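Shown next, in structure tokens, is the structure this report addresses.
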Amino acid sequence: EAGVAQSPRYKIIEKRQSVAFWCNPISGHATLYWYQQILGQGPKLLIQFQNNGVVDDSQLPKDRFSAERLKGVDSTLKIQPAKLEDSAVYLCASSLWETQYFGPGTRLLVL
Amino acid sequence: DQQVKQNSPSLSVQEGRISILNCDYTNSMFDYFLWYKKYPAEGPTFLISISSIKDKNEDGRFTVFLNKSAKHLSLHIVPSQPGDSAVYFCAASGNSGYALNFGKGTSLLVTP
């Protein structure tokens, strides 16, 4: 069974630029999550989708972050404009029930 | 507001011995707990979980213990192997669907 796929794996941008990350969950997993992991911290939930509907986006900085999950499969997370403090690993996870399975993450560096 | 706490940033254990990683939580609404293992430059890998109706769950060398009254869980690895060297994250869910609240992680080093 293929795992969660994410791209790109690494991205370096300058502050105020835009960036987008892509995630393909495990086939059949209805729930998809985006987490932000800052160095030395545990992952923090940004947004949770159930199929193509948003379940929880309370911790998403909506002035600069947006996410969508069209057709209830793939998802895209966008940052526009990026700030220095957005430097982190962005993790996508998917689940059928309680257990979440994570992709390899996208490491973002904002200069 | 850190609802899941891993108070030991690092732990060093000799190969063959037991590794015990600890985790505390503050939210009594949490009812499902998981441990993830993370290698550098990879995403977290699911290791083992336990629901609040149990106090112990075993999977091979890995056992998780849950003490609900103390709001404490622990992961035991017996025997420890050098390949177990990684960062271990404790996570909990239950107060908001299945979204996970993570601790900061404990870095385990198993020495030969």
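Might you tell me the accessible area per residue for the stretch B:52-95, computed with a 1.4 Å probe and given in Å²? Numbers along the way, then the final one.
Values: 2000 Å² over 44 residues.
With the other protein chains kept in place, the stretch B:52-95 gives 46 Å² per residue.
Hey, which lysines would be in cross-link range of A:LYS78, C-alpha to C-alpha under 21 Å, not counting anything within fewer than 8 residues on its own chain?
The reachable lysines, counting only those whose Cα sits under 21 Å from A:LYS78, are A:LYS11, A:LYS15, A:LYS44, A:LYS62.
In the structure displayed, which of A:LYS83/B:LYS56; A:LYS83/B:LYS37; A:LYS83/B:LYS54; A:LYS71/B:LYS54; B:LYS68/B:LYS104 lie more than 32 Å apart, Cα to Cα? Don't skip to the answer; put the middle values down first.
Details: A:LYS83/B:LYS56 44 Å; A:LYS83/B:LYS37 29 Å; A:LYS83/B:LYS54 44 Å; A:LYS71/B:LYS54 37 Å; B:LYS68/B:LYS104 21 Å.
In this structure, A:LYS83/B:LYS56; A:LYS83/B:LYS54; A:LYS71/B:LYS54 lie more than 32 Å apart at Cα.
Tell me the total accessible area that B and A bury against each other, 1.4 angstrom probe, in square angstrom rounded to 100. Let's see the in-between values first.
Values: alone 6130 and 6380 Å², together 10900 Å².
About 1600 Å² of accessible surface is lost on pairing.
To the nearest Å, what is the center-to-center distance of the stretch B:6-62 and the stretch A:1-28, using C-alpha atoms only?
Here the two parts' Cα centres lie 27 Å apart.
Please compute the net charge surrounding B:LEU66, taking Lys and Arg as +1 and Asp and Glu as -1 over other residues with Cβ under 14 Å from its Cβ. Don't skip to the answer; put the middle values down first.
Numbers: positive: B:LYS54, B:LYS56, B:LYS68, B:LYS71; negative: B:ASP24, B:ASP31, B:ASP55, B:GLU58.
So the environment of B:LEU66 carries a net charge of 0.
Within the protein assembly as shown, what whole-number % of the accessible surface is contributed by carbon and sulfur, with the 1.4 Å probe and all protein chains included in the calculation? Could the numbers behind the result be given before it?
Details: 5540 of 10900 Å².
C and S fraction of accessible area: 51 percent.
Based on Cβ point charges of +1 for Lys and Arg and -1 for Asp and Glu, what charge dipole magnitude is obtained for the stretch A:6-111 about its Cα centre, in debye rounded to the nearest 20? Please report the intermediate quantities before stating the final value.
Working: 12 positive and 9 negative charges, 68 e Å.
Computed about the Cα centre, the dipole is about 320 debye.
Would chain A count as rounded, prolate or oblate if I go by the C-alpha gyration tensor, calling it rounded below 1.5 in a/c and otherwise prolate when a/b exceeds b/c, oblate otherwise?
Taking the square roots of the gyration eigenvalues as a ≥ b ≥ c, chain A is prolate.
So, for chain A, what is the accessible surface per residue at a probe of 1.4 Å, expressed in square angstrom?
50
Kindly identify the protein assembly as shown as rounded, prolate or oblate by the Cα gyration tensor criterion: order the square roots of the eigenvalues as a ≥ b ≥ c, call it rounded if a/c is under 1.5, otherwise compare a/b with b/c, prolate if a/b is larger, else oblate. Intermediate results must be reported in sequence, preceding the final value.
Numbers: a/c = 1.86, a/b = 1.51, b/c = 1.23.
Prolate is the answer for the protein assembly as shown, as a/c is 1.5 or above and a/b outweighs b/c.
First check a/c for chain B, with a ≥ b ≥ c the square roots of the eigenvalues of its C-alpha gyration tensor; if it is under 1.5, answer rounded, and if not, answer prolate when a/b is larger than b/c or oblate otherwise.
Prolate, because a/c is 1.5 or more and a/b exceeds b/c.
The values are calculated or read from the model by the stated rules, or taken from the named source; none is laboratory data. Remember, predicted model here, so these are calculated numbers, not experimental data. No Cβ is skipped: glycine too gets one built from the backbone with ideal geometry, and neighbour counts run over all protein chains shown. Surface areas here come from the heavy atoms of the whole protein model, side chains and all, with no ligands, DNA or RNA. Shrake-Rupley method; radii C 1.70, N 1.55, O 1.52, S 1.80 Å.
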